[in-house]
Amino acid sequence: MTAKIAYEDVEVGTELPSASFPVDRAALVRYAGASGDFNPIHWSERIAKQVGLDDVIAHGMFTMAEAIRVVTDWTGDPGAVVEYGVRFTNPVVVPDDDKGTAVEVAAKVAAKLDDEARTVRVDLTATSGGRKVLGMARAVVRLA
Amino acid sequence: MALDQSFVGRSYPPTRPYEVGREKIREFAAAIGDGNPAYTDTDAARALGHPDVIAPPTFVFTVTFSAAGEVVADPELGLDYERVVHGDQKFAYSRPVRAGDRLTVTSTIESIKSLAGNDVLDVRGEVHDEHGEHVVTANTKLVARAPEEA
């Protein structure tokens, strides 16, 4: 594993470059196929509304996959991620238009865990339409 | 109705091996829009110290979830599948999943709770490779929402 960020170069509070990840209906269809999760609430407005949702929502795992990109883009090596966990707090509602929506992700170093293993804890925030969509989103990352 | 607490600690037999294909990794990386070359370019992955292309961190959920699905669908447990939503997800990696891995998942029910009429189920999936080495542990919290009052 060779992360391009050195443990010595970060401190508690260091911000990772934030990012905005677009998501439209086509992205959800593609993710359904790639992941094998064909739950119709991710592609059928009719069924989403039947179960009490406002509209089609993104797969929670799609949002989780997008959020960690802020970390893997930062380290360069996705293998540097040692632990990653989230809570799904609010759904990402995806309208059926040309624009879709976006997941906004910010992250910062919350703790330096182990000087020898060179691991840090990164806390992430993810919002969509101004609402927090992930809670307790944390990763443990091994730096160079 | 509250779920039977005696299911806590129950383990399900290891799944049939899932062979991780490089084109499947490519498809998954494309689906999340992630162009990191470690997912598609063997040389780039090797330059990072990996023996072959690796999968994005959340890829393994596609494998563990179908294993957890067997738990969810266990008729003896009696979870109301139609009402199940994903509460939390956590991964702890020994190493990244990579092309060529043959992964098996052993699922265990970690806990069963009833919160405000909702059934909350924690399932741990231990993922091992064909050599029996640990690759990743996936912890999945599933919430079966209470039925609305009639």
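Counting Lys and Arg as +1 and Asp and Glu as -1, each charge on the Cβ, what is the dipole of chain A about the Cα centre in debye, to the nearest 20?
It works out to roughly 300 debye.
Taking the Cα centroid of segment A:100-135 and of segment B:96-120, what is the distance between the two, rounded to the nearest whole Å?
Spelled out, the Cα-based centre of one part sits 23 Å from the other.
Viscosity 1.567 mPa s, temperature 4 °C: give me the Stokes-Einstein translational D for the protein assembly as shown in µm²/s, with Rh taken as the Kirkwood radius over C-alpha pairs.
My calculation gives 66 µm²/s for D.
Given points 7 Å out from each Cα along the Cα-Cβ axis, report the A:Asp97 to B:Asp52 separation in nanometres with one decimal.
A separation of 4.5 nm, rounded to one decimal place.
Just to check, using Stokes-Einstein with a Kirkwood Rh over alpha carbon pairs, what's the diffusion coefficient of chain A at 37 °C and 0.692 mPa s in µm²/s?
205
Tell me which aspartates and glutamates have Cα within less than 18 Å of A:Lys132's Cα, excluding those fewer than 8 residues away on the same chain?
A:Asp54, A:Asp55, A:Glu66, A:Glu104, A:Asp123, B:Asp88
For a paramagnetic label modelled at 7 Å from the Cα of B:Asp74 toward its Cβ, which residues of segment B:4-45 fall within the zone defined by backbone nitrogen distances under 19 Å?
B:4-16
Which whole-percent values make up P(r) of segment A:47-98 when all C-alpha to C-alpha distances are grouped in 10 Å steps starting at zero?
Answer for segment A:47-98: a P(r) of 21, 40, 26, 13, 1 percent.
Quick one: what are the phi-derived ³J(HN,Hα) couplings along segment B:57-68, Karplus 6.51/-1.76/1.60 with θ = phi - 60°, whole Hz, x for glycine and proline?
Those phi angles translate into x, 8, 3, 4, 4, 4, 8, 6, 5, 5, 5, 5 Hz.
Sequence gap at least 6, Cα distance under 8 Å: using those rules, report the relative contact order of chain A to the nearest whole percent.
33
Once you've got the Cα coordinates, tell me which of A:Lys49/A:Lys99; A:Lys4/A:Lys99; A:Lys108/B:Lys141 are over 27 Å apart.
Beyond 27 Å: A:Lys4/A:Lys99.
Across 10 Å bins from 0, what is the distribution of all Cα-Cα pair distances for segment B:8-144, in whole percents?
Values per bin, smallest distances first: 12, 39, 30, 15, 4, 0.
Sum -39500 (n - 2.57) across every DSSP H segment of at least 4 residues in chain A, then divide by the residue count to get the 222 nm mean residue ellipticity, nearest 500.
-6000 deg cm²/dmol
Counting pairs of Cα atoms in segment B:1-87, how many percent are more than 18 Å apart?
Value for segment B:1-87: 58 percent of Cα pairs lie more than 18 Å apart.
Work out from phi, with θ = phi - 60° and the Karplus expression 6.51 cos²θ - 1.76 cosθ + 1.60, the ³J(HN,Hα) of each residue of segment A:52-61, listed in order in whole Hz, and give x for Gly and Pro.
Coupling constants for segment A:52-61: x, 8, 6, 6, 4, 10, 6, 4, x, 5 Hz.
Read-outs: derived from the displayed coordinates by stated rules, not from any lab. No experiment lies behind these values; they were computed from the predicted model shown. Cβ: placed from backbone, ideal geometry, glycine included. Neighbour counts: every protein chain shown.
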